[in-house]
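The values are calculated or read from the model by the stated rules, or taken from the named source; none is laboratory data. Fair warning: this is a prediction, and the values are worked out from it, not measured in the lab. Cβ placement follows ideal geometry from the backbone for every residue including glycine, while neighbour counts extend to all protein chains displayed.
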């Protein structure tokens with residue numbers, strides 16, 4: 001994953017802010033835009049890449065206003081827009097937060113402490129693991145969660161994609177241009193991806209599907225050489241040859257830092273009301289880290305806008 005390029009980034013002038021946003025995904029960047037336009041002193045703290053997970057997406061076709069745009073290009077536009085209205089950025093990882101008082105305190109890995117009246121949690125989520133034998137052993141040796149990052153290593157080789165949602169099928173389409181064969185393994189007998197995405201995948205000759213099956217093992221010597229597939233209806237086990245396994249079976253929210261302070265569901269997703277407020281006064285959550293019925297760039301951006309408009313009440 002690419003790290004921050006600090007050149008050209010606006011730097012915080014001091015450590016006291018009106019609004020601190022933890023995470024520079026679409027939700028956080030949208031919130032920053034609205035907060036900065038309201039003339040609130042706004043800081044985004046991001047440990048990795050401005051734009052979040054969207055930067056790992058090859059193409060985006062469902063963000064209004066762009067028929068087709070790469071994830072990185074869209075992320076760059078979000079960042080440019082937020083910066084244009086005065087948002088401050090700092091490449092620092094948040095390691096501790098005190099959110100209970102009227103003044104919120106946020107500490108980072110560089111030893112800095114920032115304060116604000118309002119904190120927006122926009123920490124996103126990470127890909128969920130299968131939890132099967134060989135998954136950790138072959139990490140970076142054929143097991144991947146990012147086709148854009150690792151697909152180029154598998155030119156003209158057979159690959160397996162695990163999952164049946166938008167991410168799995170879209171990345172299978174991307175990988176089909178690189179690999180000799182892409183096999184989508186799905187635990188059900190039909191995909192969950194949008195129909196237009198399904199239709200596109202079904203037309204590609206080197207994409208095939210194995211239904212009602214899960215990966216029960218990932219194996220090989222120095223790198224991935226096969227997966228063991230289990231038919232969920234019959235229990236039958238089959239060894240299937242592949243050079244790589246790309247896994248898209250869900251998300252795990254990055255809510256560890258605040259799970260003992262704000263309310264979450266059983267999976268760790270932060271609970272909010274319709275204004276994106278958590279149960280803690282002055283603390284909001286937006287984007288993939290919160291419990292929501294849809295996790296898309298457009299909904300994360302909407303979350304950010306709603307939160308930023310609502311938080312203005314703290315400064316009346």
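Of the conditions (1) touching a helix residue (DSSP H, G or I) at 6+ places or on another chain (Cβ under 7 Å); (2) assigned to a strand (DSSP E or B), residue 169 fails just one. Which one is it?
All conditions pass for residue 169, except number (2).
Is it the case that residue 116 is assigned by TED's automatic domain parsing to the domain that holds residue 101, touching a strand residue (DSSP E or B) at 6+ places or on another chain (Cβ under 9 Å) and touching a residue at least 40 places away in the same chain (Cβ under 8 Å)?
Yes; evaluated as a whole, the condition is true for this residue.
Counting only residues that are free of Cβ contacts under 8 Å to residues at least 60 places away in the same chain and under 23 Å from residue 65 (Cβ atoms), which one in segment 79-101 is surrounded by the most Cβ atoms within 10 Å (Cβ to Cβ)?
82
I need a count of the residues in segment 180-213 that are within 20 Å of residue 235 (Cα to Cα) and without any contact (Cβ under 8 Å) to a residue 40 or more places away in the chain.
So the answer is 10.
So which residues in segment 234-255 are assigned to a loop (DSSP other than H, G, I, E, B), over 18 Å from residue 184 (Cβ atoms) and touching a residue at least 12 places away in the same chain (Cβ under 8 Å), if there are any at all?
Matches in segment 234-255: 254, 255.
Among (1) touching a helix residue (DSSP H, G or I) at 6+ places or on another chain (Cβ under 6 Å); (2) on the phi > 0 side of the Ramachandran plot, where does residue 163 come up short?
That leaves (1) as the condition not met.
Those residues that are in contact with a strand residue (DSSP E or B) (Cβ under 8 Å, 6 or more places away or on another chain) and either modelled with pLDDT of 95 or more or over 25 Å from residue 112 (Cβ atoms) (or both), I need them from segment 47-60; list them, please.
53, 54, 59, 60
Does segment 213-229 contain any residue that is surrounded by 15 or more Cβ atoms within 10 Å (Cβ to Cβ) and within 18 Å of the chain's Cα centre (by Cα)?
No, there is no match, as no residue in segment 213-229 is surrounded by 15 or more Cβ atoms within 10 Å (Cβ to Cβ) and within 18 Å of the chain's Cα centre (by Cα).
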